[in-house]
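Novice: Can you keep this structure in mind? I'll have questions shortly.
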Amino acid sequence: MKYLMGILSFLNLACSNKPTENDLLIKELDTSIIEMFNAHNIETSLDKNGIISINTKEKITIENNLIFQDYPDSYSSRLDMKIQLDDDRVIYESFGDIGKSKLIASQQNLLNFTKNDFHVILNAFNNSTDEQITTEEWTIGNSKYKVFIGNYGIKSSVEFNIPDKTFEKIEELVKNQDLKKNTHWVRFFYCNLNGEPFETEFLIDNELYANGITEMEKLDWEKSDKYYSLRNFMILRKIN
């Protein structure tokens, strides 16, 4: 009997250690992100806890998680990324999407990260630049910052016009902040559904900026009964 109980205990332990579908999808995402950095001559490593070390000039780590919601004919997914800086501060970024399978949905999450954030992060922490981003120098208070600005990330089932001076308003709101640290990051997101702002975010260093949301919603956003969204991400690095 003791022998049989031992076998059952071993089998239960083996089953409990079997990777889940989520585990395998996260591992695939990790591998893809590692390959992206490696393609830009940035060395990386992955530890047993799924934390990717990125050897940019200022080292960072990335930890990924996936959350799914099942629907009759599809899955919605959200990729949550924890990007830890050298000073132990953390950038939290999320990318949502849908797909016919969990694999397809998670691949869409990765595509959104690639389009919106990857080149900003790569260049901001490697003190470099490429054609996928814009860099500017901004004076904020008594400090100068080099700003690594991503392209607009757009999702839409219809064509829509981006309001005039959208980026100028983002810049104005950021420059009005009392920024003092060596690194800051900003994410703006606007989503229209059924002719109304369905969701608006303006985050500075992960914190919602209520006045930023109010001011951005005042812009002349096109009213459409179809879904559309616009996203922008930037990182500011202090020069002096």
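The values are calculated or read from the model by the stated rules, or taken from the named source; none is laboratory data. What you see is a predicted model, and the numbers here were worked out from it, not measured in a lab. Because the Cβ atoms are built from the backbone with ideal geometry, glycine has one as well, and the counts that use them run over all protein chains shown. When the accessible area is computed, the model is the full protein with side chains, heavy atoms only, and any ligands, DNA or RNA have been set aside. Shrake-Rupley method; radii C 1.70, N 1.55, O 1.52, S 1.80 Å.
Novice: Between residue 219 and residue 128, what is the FRET efficiency for a Förster distance of 25 Å, r being their Cβ-Cβ separation, to the nearest 0.05?
Specialist: 0.20
Novice: Indicate the helices, whole DSSP H runs only, in the chain that combine a mean Kyte-Doolittle hydropathy of -0.5 or more with a Cα extent along their long axis of 24 angstrom or more.
Specialist: Within the chain the helices that satisfy the rule are 21-38.
Novice: Given a 1.4 angstrom probe, I'd like the percentage of the accessible area of the chain that is carbon and sulfur, rounded to a whole number.
Specialist: C and S fraction of accessible area: 49 percent.
Novice: Continuing with this model, one more query. Quick one: order 166, 61, 134 from most to least accessible surface, probe 1.4 Å.
Specialist: Accessible-area ranking of 166, 61, 134, largest first: 134, 61, 166.
Novice: Something else now. Give the span of the stretch 10-100's Cα atoms along each principal axis, as three whole-Å numbers ordered largest to smallest.
Specialist: Over the stretch 10-100, Cα extents along the principal axes are 44, 37, 26 Å.
Novice: Taking R0 as 30 Å, what FRET efficiency do you get between residue 143 and residue 71 from their Cβ-Cβ distance, rounded to the nearest 0.05?
Specialist: Efficiency for this residue pair is about 0.05.
Novice: In whole Hz, what ³J(HN,Hα) sequence does the stretch 56-71 give by Karplus (6.51, -1.76, 1.60; θ = phi - 60°), x for Gly and Pro?
Specialist: Per-residue couplings from phi come out as 5, 4, 9, 5, 9, 10, 10, 10, 10, 9, 10, 10, 10, 10, 7, 10 Hz.
Novice: Pulled fully out, how much extra length does the chain show between residue 39 and residue 167, if you take 0.36 nm times their separation in residues and subtract their Cα-Cα distance?
Specialist: Additional length available on full extension: 43.1 nm.
Novice: So what is the accessible area of the chain per residue, in Å², with the probe set to 1.4 Å?
Specialist: 57
Novice: Please compare each pair in 18/48; 115/180; 115/226 to a cut-off of 26 Å on the Cα-Cα distance and tell me which ones are over it.
Specialist: 115/180
Novice: How many angstrom separate the Cα center of the stretch 184-240 from the Cα center of the stretch 69-137?
Specialist: 16
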